[in-house]
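Visitor: Okay, handing you the structure first.
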Amino acid sequence: MSAPSLLARNPHSTEGSGIVPLETVGVIGAGVIGVGLAHALAQSGLRTLLIDVSDSILQAALGQIRNNIRFQRLFREKAGDGAEEILARIKSSASYDVLQEADFVIENVTEKLAVKAEVYRQLDTICSSRCIFAANTSAIPIARIAAMTGRPAQVLGMHFMNPVPLKTAVEVIRGPHTSDETLAAAGRLLGVMGKKAIVVGDSPGFVSNRVLMLTINEAIFLVQEKVGSPEVVDEIFRTCFEHKMGPLETADLIGLDTILLSLEVLHGEFKDSKFRACPLLRQMVDAGLHGRKSGRGFYSYED
């Protein structure tokens with residue numbers, strides 16, 4: 001999908017077109033994915049509303065975005081907007097009330113239904129009736145999330161992966177009630193961001209995580225059983241299959257706590273023992289070894 005043509009007044013304006021406007025996008029959750037998503041949206045020229053539970057979390061997130069922009073510019077032949085221009089498009093808040101201004105909201109909270117239900121209850125009350133909700137979930141069916149709202153036709157899944165600004169495609173999940181207009185709006189938004197939409201049907205884990213979580217979990221079993229060290233397991237995938245990263249490096253990047261939650265959702269949905277989380281994974285999560293974000297996982301990142 002190509003980006004819309006640039007208009008003199010506003011490059012993303014849809015005034016007079018009869019289609020859903022996409023000028024202001026809300027991002028719920030300022031964790032690793034939320035930070036990357038806010039960065040990518042603002043870098044694409046979109047006004048971005050970043051929401052989390054405290055000002056301290058939001059200030060840390062903005063600082064991380066500033067650092068990421070500077071790091072990114074070091075490796076670009078053609079530099080885009082600088083940190084100040086991009087950050088000026090991001091409005092952070094610990095209150096959901098600012099989302100009254102949003103045309104599109106992307107939710108990135110933890111993979112727990114009770115937490116998500118409270119988020120969507122607030123969104124449904126605060127956001128305009130035309131606003132679209134996208135769940136950036138790893139495994140929870142979109143039908144279940146849409147049922148938490150009074151606008152199921154305006155709900156879909158958009159599975160962004162880390163690091164968001166560098167990824168060229170997004171897994172887009174169409175729920176049973178998702179309208180053509182909602183799907184088209186998501187495609188336009190991704191086009192503005194320079195990303196391709198790959199549309200899949202609604203099933204726990206969708207395509208990406210239904211396959212990936214099994215691969216990572218089995219790789220952890222191999223480490224637990226001492227068949228191979230993390231280095232050996234990952235080297236097999238990097239060299240024999242020519243993957244950019246091995247499964248355990250990928251797990252550290254995603255976050256081992258997120259891997260565990262995703263496996264628990266898949267196990268609960270399918271009731272299939274193949275999704276049973278490896279005991280070593282549980283032990284590492286309990287010990288706070290969550291991967292890159294905690295400084296240690298299967299590898300150390302403390303330096």
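Visitor: Here are some residues: GLY157, GLY150. Which one is without any contact (Cβ under 8 Å) to a residue 60 or more places away in the chain, crowded, with 23+ Cβ neighbours inside 10 Å and under 21 Å from VAL109 (Cα atoms)?
Guide: After applying the criteria, what remains is GLY157.
Visitor: For a quick check of your reading of the model, give me the residue pairs whose first member lies in the stretch 254-271 and is under 16 Å from HIS159 (Cα atoms) and polar (S, T, N, Q), whose second is assigned to a helix (DSSP H, G or I) and at pLDDT below 95, with beta-carbon atoms closer than 8 Å and at least 6 apart or on different chains.
Guide: none
Visitor: Something else: Output the residues belonging to the stretch 150-197 that are under 21 Å from SER128 (Cα atoms), in a loop (DSSP other than H, G, I, E, B) and β-branched (Val, Ile, Thr).
Guide: Once the filter is applied, which keeps residues that are under 21 Å from SER128 (Cα atoms), in a loop (DSSP other than H, G, I, E, B) and β-branched (Val, Ile, Thr), the stretch 150-197 yields only THR178.
Visitor: Given the structure, is GLY228 farther than 18 Å from THR110 by Cβ and buried (at least 19 other Cβ atoms within 10 Å of the Cβ)? Full working, then the answer.
Guide: On the way: farther than 18 Å from THR110 by Cβ: yes; buried (at least 19 other Cβ atoms within 10 Å of the Cβ): no.
Taking the combined requirement at face value, the residue does not satisfy it.
Visitor: May I pose another question? So which of LEU222, LEU256 ends up being more than 23 Å from GLU171 (Cβ to Cβ), surrounded by 14 or more Cβ atoms within 10 Å (Cβ to Cβ), touching a Gly at 6+ places or on another chain (Cβ under 8 Å) and modelled with pLDDT of 95 or more?
Guide: That would be LEU222, the only listed residue that is more than 23 Å from GLU171 (Cβ to Cβ), surrounded by 14 or more Cβ atoms within 10 Å (Cβ to Cβ), touching a Gly at 6+ places or on another chain (Cβ under 8 Å) and modelled with pLDDT of 95 or more.
Visitor: Further question on the same structure: Do you know which residues across the stretch 76-90 are surrounded by fewer than 16 Cβ atoms within 10 Å (Cβ to Cβ) and modelled with pLDDT of 95 or more?
Guide: Of everything in the stretch 76-90, just one residue is surrounded by fewer than 16 Cβ atoms within 10 Å (Cβ to Cβ) and modelled with pLDDT of 95 or more, namely ALA88.
Visitor: Separate question: Looking only at the stretch 166-185, decide whether some residue is in the same structural domain as VAL32 (by TED's automatic domain parsing), within 19 Å of VAL32 (Cα to Cα), among the small types (Gly, Ala, Ser) and surrounded by fewer than 18 Cβ atoms within 10 Å (Cβ to Cβ). Don't jump to the end; show me each part of the working.
Guide: So in the stretch 166-185, the residues in the same structural domain as VAL32 (by TED's automatic domain parsing) come out as 166-185.
Narrowing further to those that are within 19 Å of VAL32 (Cα to Cα): 166-171.
Cutting the leftovers down to among the small types (Gly, Ala, Ser) gives us 169.
Restricting the remaining residues to those that are surrounded by fewer than 18 Cβ atoms within 10 Å (Cβ to Cβ) gives 169.
Yes, the conditions are met somewhere in the stretch 166-185.
Visitor: Separate question: Restricting to the stretch 115-137, name every residue that is assigned to a strand (DSSP E or B) and free of Cβ contacts under 8 Å to residues at least 60 places away in the same chain. If you could, list the steps in order and put the result at the bottom.
Guide: Narrowing the stretch 115-137 to residues assigned to a strand (DSSP E or B): 132-135.
If the condition is that a residue be assigned to a strand (DSSP E or B) and free of Cβ contacts under 8 Å to residues at least 60 places away in the same chain, then PHE133, ALA134, ALA135 are the ones that fit.
Visitor: Further question on the same structure: Of the numbered conditions (1) over 28 Å from LEU113 (Cα atoms); (2) under 21 Å from the mean Cα position of the chain (by Cα), GLN224 fails exactly one; give the number of that condition.
Guide: Tallying (1) over 28 Å from LEU113 (Cα atoms); (2) under 21 Å from the mean Cα position of the chain (by Cα), GLN224 fails exactly one: (2).
Visitor: Right, next: Being over 17 Å from the mean Cα position of the chain (by Cα) and charged (D, E, K, R) is the filter; apply it to the stretch 52-69 and report the residue that is surrounded by the fewest Cβ atoms within 10 Å (Cβ to Cβ).
Guide: Step by step, filter the stretch 52-69, then rank; the result is ASP55.
The values are calculated or read from the model by the stated rules, or taken from the named source; none is laboratory data. It should be emphasised that the depicted structure is a prediction, and the values quoted were computed from it without experimental measurement. FYI the Cβ positions are ideal-geometry reconstructions off the backbone, even for glycines, and counts take in every protein chain you see.
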